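Here is the structure we will look at.
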Amino acid sequence: MTQVLVGEIEGIESALRRFKRQVSQSGILADVKCRRHFETPQSKRKRKASAARRKRRYR
């Protein structure tokens, strides 16, 4: 659960910016997008293999 506490002198825009940053770093949106539709085991393996290749390439 991502939570942002807003300070007394802090604006809502900066708090919203911090919230969006925390959500993107935690990977919540990516997880929601993956779970939106059923994924077959074959496509899941394919996606994980391509992610591993991308990760290995940029190291």
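The values are calculated or read from the model by the stated rules, or taken from the named source; none is laboratory data. Predicted model only: the values in this text are computed from it and were never measured. Cβ placement follows ideal geometry from the backbone for every residue including glycine, while neighbour counts extend to all protein chains displayed. In case anyone asks, the SASA skips ligands and DNA or RNA and just uses the protein heavy atoms, side chains included. Shrake-Rupley method; radii C 1.70, N 1.55, O 1.52, S 1.80 Å.
Taking the stretch 25-59 as the range and being of a type in the set (G, A, S) and either loosely packed, with under 12 Cβ neighbours inside 10 Å or touching a residue at least 60 places away in the same chain (Cβ under 8 Å) (or both) as the test, the residues that pass are G27, A30, S43, A49, S50, A51, A52. Taken together, the criteria exclude Q3 from residues that are at pLDDT 95 or above and open to solvent by 90 Å² or more (accessible area, probe 1.4 Å).
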